[in-house]
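K.L.:
Have a look at this one.
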Amino acid sequence: MREVRIRDTLSGEPRVVDPSEEVGIYACGPTVYSRIHIGNARPFVVFSLFARFLRSEGYRARLVVNVTDVNDKIYAAAAAAGEPSTEFAARMTAAYLEDTDRLGLGRPDAEPLATETIAGIVGLIADLVESGHAYESGGDVYFRVRSFEGYGKLSNRRPEDMDQGEEAGLASLKEDALDFALWKAHKEAEDTSWDSPWGRGRPAWHIECSVMAEQELGASFAIHGGGSDLVFPHHENEIAQSEAAGRPFARAWMHNGMVESAAAKMSKSDGNIFQLSEALDRYGREAVVAYLISGHYRQPLAFGPAQMQQAVAQVERLRNFFREHPIDELGGWEPGEDSPSQQRGGSVESSPGSRLEVFRDALADDFNTPRAMAVAFELVGEANRSEVPGAPEALREMLELVGLESLALDEGGADAEAQELMIERERARGEKDFARADEIRDRLAGLGWEVRDSAEGPRLVSRT
Ligand SMILES: [Zn+2]
């Protein structure tokens with residue numbers, strides 16, 4: 001078991017993950033008011049893979065990702081769609097599950113919904129009211145920010161630089177402009193509400209995460225994650241709510257940088273895809289995952305056709321490597337043993353087994369996926385130049401750690417139907433019938449195949 005270190009946003013210092021207990025990880029999930037975009041997929045991929053890595057090292061990791069299914073944005077989007085908000089949120093939650101399933105990384109251990117956590121939310125708000133950290137006003141309940149001494153410690157902001165981002169209309173209900181809502185009184189335009197000691201209403205946003213994290217992971221847990229856009233006010237407010245109520249809450253914080261697109265400068269026809277489902281349709285799951293781990297999780301990540309083409313090219317390079325160096329399932333080298341080249345007296349440092357160790361070391365060092373992938377590509381380059389026994393096996397194990405092990409699968413040849421469709425698609429393209437060509441591409445996608453253009457002409461590549 002390696003020592004795994006992460007950089008903690010709260011202290012600004014490296015922190016060692018404690019191997020002696022369950023590593024509870026809570027990552028803020030989506031507000032389901034539309035289909036998720038590729039930026040929303042980044043925390044899903046980062047924290048799913050981080051939990052996978054911890055488990056592979058022998059840690060007991062438990063990942064919780066919530067779904068915010070009651071919110072101002074959801075009421076507005078449901079009204080615009082002419083749909084009851086519960087049906088709209090259920091439909092968008094199903095779309096989120098479907099889209100993230102397609103990433104092929106499995107599901108988090110728990111995915112609680114805000115609407116199924118109302119009793120716990122009312123309970124925590126009642127505790128805060130009783131202890132003087134919150135107050136009722138006009139059927140709403142607000143957190144009294146100046147009653148909590150540690151406020152601002154995560155985002156390092158001064159009170160005068162803080163804006164809760166709440167509707168200006170609430171100002172008259174607040175004792176202090178800094179205060180933020182925990183509970184909102186029912187409004188006519190909203191079609192859901194729940195009973196509370198303060199009348200009918202529904203939770204405000206931040207409170208659900210304080211409650212869900214505690215219900216799933218306990219009052220004190222290892223790591224709280226999410227996008228860096230959530231540091232203030234969302235995570236600052238989660239700390240205030242939980243700690244003011246006497247809960248120790250998260251011991252370390254891990255924030256992923258934003259996916260940044262030059263959207264305004266590009267049109268959709270240039271390939272500027274925003275929705276995760278569209279990116280998956282166009283580039284395939286491996287390229288989307290490879291793209292999302294191509295930068296260090298804490299840094300911003302540029303998004304555009306060039307970045308996606310680069311990810312496609314990387315995935316192709318890896319897939320081609322396994323086509324040319326198939327894994328010998330019988331009597332193959334096992335990662336962890338001395339490789340055959342070492343057994344023959346080859347260099348230890350550059351052996352596949354020691355490269356696998358270096359790959360794991362990079363992930364243990366604040367989950368440095370770009371450094372790890374550089375090690376994988378070094379191995380590919382070396383094994384392409386001259387035979388390196390054990391290289392395919394070590395590479396497969398590396399890729400398994402980052403969700404790309406499917407690249408090592410034997411594609412087994414496309415069936416006749418898929419081959420026929422590919423030829424038909426080429427014919428349609430030759431006749432400039434692009435609508436027909438797209439239709440055939442979608443049918444192939446449904447059969448699990450993707451057409452890729454190569455120097456030898458188009459060929460079918462497995463999408464799974
Ligand atoms: Zn949250």
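K.L.:
Residues with amide H under 5 Å of H37's amide H, sequence separation 5 or more or different chain, H placed in the peptide plane at 1.01 Å from N; which?
P.N.:
L276
K.L.:
Can you sort D191, D229 so the residue with the fewest Cβ neighbours within 10 Å comes first?
P.N.:
Starting with the residue having the fewest Cβ neighbours, the order is D229, D191.
K.L.:
Fewest first, what order do K184, K73 take by the number of other Cβ atoms within 10 Å? Before the final figure, lay out each step's value.
P.N.:
Working: K184 23, K73 13.
So the residues, fewest neighbours to most, are K73, K184.
K.L.:
Got a sec? Charge dipole of the stretch 1-101, +1 on Cβ for Lys and Arg, -1 for Asp and Glu; which of V16, I36, V46 is way out at the positive end?
P.N.:
Of the candidates, V16 comes out farthest on the positive side.
K.L.:
Right, something else. Can you list residues whose amide H is under 5 Å from R7's amide H, if they're 5+ apart or on another chain and H is modeled 1.01 Å from N?
P.N.:
When sequence neighbours closer than 5 places are left aside, the close amide H contacts are R15.
K.L.:
In terms of the Cα gyration tensor, with a ≥ b ≥ c the square roots of its eigenvalues, is the chain rounded because a/c is under 1.5, prolate because a/b exceeds b/c, or oblate?
P.N.:
oblate
K.L.:
Tell me the angle of helix 369-385 to the major Cα principal axis of the chain, expressed in degrees between 0 and 90 and rounded to the nearest ten.
P.N.:
Helix 369-385 sits at roughly 0 degrees to that axis.
K.L.:
If you find the alpha carbon centre of the stretch 163-221 and of the stretch 1-71, how far apart are they in angstrom?
P.N.:
Using only Cα atoms to place each centre, the spacing works out to 25 Å.
K.L.:
Rounded to the nearest 20 Debye, what is the dipole magnitude of the chain about its Cα centre when Lys and Arg each give +1 and Asp and Glu each give -1 at the C-beta?
P.N.:
So the dipole magnitude of the chain works out to roughly 760 debye.
K.L.:
Using a ≥ b ≥ c from the Cα gyration tensor of the stretch 140-230 (square roots of the eigenvalues), is it rounded, prolate or oblate, where a/c under 1.5 gives rounded and otherwise the larger of a/b and b/c decides, a/b for prolate?
P.N.:
Values: a/c = 1.94, a/b = 1.17, b/c = 1.65.
Oblate, since a/c reaches 1.5 and b/c is not below a/b.
K.L.:
I've got another one for you. In degrees between 0 and 90, to the nearest 10, how far off the longest principal axis of the chain does helix 207-217 point, with axes built from Cα atoms?
P.N.:
So the helix axis and the longest Cα principal axis differ by about 60 degrees.
K.L.:
How high is the relative contact order of the stretch 416-462, in percent, with contacts defined as C-alpha pairs under 8 Å that are six or more residues apart? Provide the component values of the computation, followed by the final result.
P.N.:
Numbers: 43 pairs, mean separation 14.9, N = 47.
Across the stretch 416-462, relative contact order equals 32 percent.
K.L.:
May I ask you to sort K153, K432, K187 by Cβ crowding, counting other Cβ atoms within 10 Å and putting the fewest first? Spell out each step's value before the answer.
P.N.:
Details: K153 15, K432 8, K187 12.
The most exposed by this proxy come first: K432, K187, K153.
K.L.:
Next question. Would you grab the residues whose amide H sits under 5 Å from the one on S137? Only those 5+ places off in sequence or on another chain, please, with H modelled 1.01 Å from N.
P.N.:
Sorted by chain and number, the residues that satisfy this are Y142.
K.L.:
What angle, in degrees between 0 and 90 and rounded to the nearest 10, separates the Cα long axis of helix 72-81 from the longest principal axis of the Cα atoms of the chain?
P.N.:
Approximately 70 degrees, to the nearest ten.
K.L.:
Do you know the relative contact order of the chain, to the nearest whole percent, from alpha carbon pairs under 8 angstrom that are 6+ apart?
P.N.:
Details: 714 pairs, mean separation 70.4, N = 464.
It rounds to 15 percent for the chain.
FYI, it's all coordinate maths here, none of it is from the lab. What you see is a predicted model, and the numbers here were worked out from it, not measured in a lab. Note that we place each Cβ from the backbone using ideal geometry, even for glycine, and neighbour counts take in every protein chain shown.
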